[in-house]
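Note sheet for the following structure.
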Ligand SMILES: [Zn+2]
């Protein structure tokens, strides 16, 4: 069985603050080891449930976080950016299952460091009228290829979000959100066990998903008007409000890739002080 693990960082065991996840800082250097341990717990659970080809796709920031020499040797690692399918690079029609480790809630929602792709340029993102977290859009992309989500780890609110797009998955709530940068954290020794057993359970319930039919319409509310102008350089991306754009694609793959470009342009037009 082939399993792809997409590993983000805000939902990793013990992570609560931007200082824990900002590449190059001492806090990040500490928590990337915990991130690797969360990933390894999932690898172990999947291996016990029969997976033999396990690929980890590093999905946070510069996508260069998982500590290579601490990785479980039963997995391989996609490290670095950019890549065509971003957080779900490596998911193909021959993938049997996908897992989301260290995930978080959507832009504008409560949850530890909630955001969708970019930490500060989006107030809110909707996909076909639904609040759109990274988990939701990545799950729809995987479903288009016939691949189910079998495991999600993160805070308790991320798990609530995951229940709507992956009801059969194994869930590993590693902390309870108190506020956006505050959590009640379970000790790592225990979260590794929680993740491992959720991985094992989720993979043993493996069931092909029913792909959602297109079209896929993204509606995006930016924090500032200048980001709208930048995003409308993309053909098909329309301004629908002072701070809002909308676009529609027939396939989720196109919609996901377009969202990546909107984010890149939005970020390049952002000012460090004025936004
Ligand atoms: Zn993320």
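What whole number of Å gives the distance from the Cα centroid of the stretch 88-107 to the Cα centroid of the stretch 143-176?
10 Å
Within 10 Å, count the other beta carbons around each residue, average over each peptide in 107-116, 85-94, 148-157, and list them highest first. Mind showing how you got there, number by number?
Working: 107-116: 21.4, 85-94: 18.1, 148-157: 26.5.
Final packing ranking: 148-157, 107-116, 85-94.
Separation between the residue 94 and residue 225 pseudo-spin-labels, each 7 Å from Cα along Cα→Cβ, expressed in nm?
Distance between the two pseudo-spin positions: 5.2 nm.
Neighbouring Cβ atoms within 10 Å as the yardstick, rank 55, 125 fewest first.
Numbers: 55 18, 125 27.
So the residues, fewest neighbours to most, are 55, 125.
Could you compute Rg(Cα) / (2.2 N^0.38 Å) for the stretch 216-268, with N its residue count? If you can, show how the numbers build up before the last one.
Numbers: Rg = 10.0 Å, N = 53, 2.2 N^0.38 = 9.9 Å.
Cα-based Rg divided by the globular estimate yields 1.00.
Taking the mean number of other Cβ atoms within 10 Å as a proxy for protection, how do you rank 169-179, 202-212 from highest to lowest?
Details: 169-179: 22.2, 202-212: 15.5.
Sorting 169-179, 202-212 by mean packing, highest first, produces 169-179, 202-212.
Can you say what percent of the DSSP beta bridges in the chain, counting only those with both residues inside, are antiparallel? Round to 5. Present the calculation step by step, with values, prior to reporting the outcome.
Working: 21 of 45 bridges.
So the antiparallel bridges amount to about 45 percent of the total.
Each label point is 7 Å from the Cα along the Cα-to-Cβ direction; what then is the distance between the points at residue 110 and residue 271, in nm?
3.4 nm
May I ask you to derive the FRET efficiency for residue 217 and residue 179 from their Cβ-Cβ distance with R0 = 25 Å, giving the value to the nearest 0.05?
Numbers: r = 32 Å, r/R0 = 1.27.
The value I calculate is 0.20.
Given a Förster distance of 41 Å, report the FRET efficiency between residue 232 and residue 187 from their Cβ-Cβ distance, rounded to the nearest 0.05. Kindly include the intermediate steps, with their values, before the conclusion.
Numbers: r = 48 Å, r/R0 = 1.17.
In this case the efficiency is close to 0.30.
Rounded to the nearest 500, what is the chain's calculated 222 nm mean residue ellipticity when only DSSP H runs of at least 4 contribute -39500 (n - 2.57) each, over all residues? Walk me through the numbers before you get to the answer.
Numbers: 6 runs with 85 residues, N = 275.
Dividing the helical sum by the residues of the chain leaves -10000 deg cm²/dmol.
Defining a contact as two alpha carbons under 8 Å apart and six or more residues distant in sequence, what relative contact order in percent does the chain show?
Details: 644 pairs, mean separation 54.6, N = 275.
Rounded, it is 20 percent for the chain.
At a temperature of 37 °C and a viscosity of 0.692 mPa s, determine how fast the chain diffuses translationally according to Stokes-Einstein, using the Kirkwood radius over alpha-carbon pairs as Rh; express D in µm²/s, rounded to the nearest whole number. Intermediate results must be reported in sequence, preceding the final value.
Numbers: Rh = 18.5 Å.
Using the Kirkwood radius from Cα pairs, D works out to 178 µm²/s.
Laboratory data are not the source of any read-out in this text; all were calculated from the coordinates shown. Remember, predicted model here, so these are calculated numbers, not experimental data. Positions of Cβ are backbone-derived with ideal geometry, glycine not excepted, and every protein chain shown enters the neighbour counts.
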